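The next block holds one structure in the form of structure tokens; read it before the comments.
What follows draws every value from the coordinates through simple rules; no lab data is involved. Everything quoted here is computed from the prediction, not taken from an experiment. A quick note on method: Cβ atoms are made from the backbone with ideal geometry, for glycine too, and the neighbour counts reach across all protein chains shown.
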Amino acid sequence: YNEYKSYLRMSDPRERHWFHSKNVALLQFLLTVCTTLSAWAIALVYGHVKLWPIPMISFCGVYAPEKYVFSIGLVCAAFLMFMFIWIVETADKIYSSKSTAYILGFPCSIGLMVLAVCNCEEEPTLHYIGAITYFVGFALWCIICSFKELGLEDSEKDNWVTARKVLSVLIALFTAAMLFLFLIKDKVNAGRIPVCEWLAVFCAELFVLTFYFDLGNEYYIENVYVPSHQYKKLRNSDSA
């Protein structure tokens with residue numbers, strides 16, 4: 001690993017150690033949570049939604065002015081999610097997998113962008129396609145990441161690994177419950193579907209936040225360009 005750091009020191013200083021990769025996870029978490037809560041609060045103040053039953057998150061992005069906060073904030077959050085998936089899948093961790101990123105990770109970030117741009121009242125078909133892609137894709141991605149961590153040695157299974165396992169199960173349960181309630185045509189104003197949606201979103205963002213602590217200070221934005229096999233070789237040579 002010391003050789004790897006020496007390699008970075010010899011590289012162009014304009015591209016060296018300027019931003020920790022873990023901060024992308026933190027920013028994605030903060031932006032998604034703050035956008036969702038802000039849009040809901042504005043919609044509540046203007047009387048566009050009720051305090052209870054709690055509304056679907058999408059209903060907080062239908063009318064002005066909250067729809068501008070909703071759309072702009074979640075589009076930016078989707079971009080950060082795309083970056084986050086890219087960083088995680090190239091960070092040389094056990095859960096790293098480019099195929100998983102292309103099949104599930106990247107599509108779910110695109111789904112988030114689509115649901116943010118397409119109003120559920122004006123363009124419901126596109127909105128709900130984006131929503132299903134986001135919720136189902138991210139739930140499966142979280143499950144796969146956690147499943148891969150089952151192979152870790154006991155010494156490597158820290159609290160964040162355990163937290164991801166629990167959160168991935170909760171995300172899958174809340175997402176499945178929400179879809180099931182939709183299929184049986186449960187009434188949205190009964191509150192059960194919105195509660196499942198809110199819980200799924202917050203669990204998903206907590207899952208993202210665990211990577212802020214798990215990635216640590218060793219990964220930088222520019223480091224993801226280094227092939228994983230090269231990094232492993234340098235790390236192994238250092239331990240030898």
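Using the average count of surrounding beta-carbon atoms within 10 Å as a protection proxy, the listed peptides 119-130, 52-63 rank, highest first, as 52-63, 119-130.
The residue among Pro124, Phe202, Gly137 whose Cα reaches farthest toward the positive pole of the charge dipole of the range 107-220, with charges on the beta-carbon of Lys, Arg, Asp and Glu, is Pro124. Distance between the modelled labels on Thr162 and Ile72, one decimal in nanometres: 4.3 nm (7 Å Cα→Cβ projection). Calculated FRET efficiency, Leu179 to Glu121, Cβ-Cβ distance, R0 = 22 Å: about 0.55 to the nearest 0.05.
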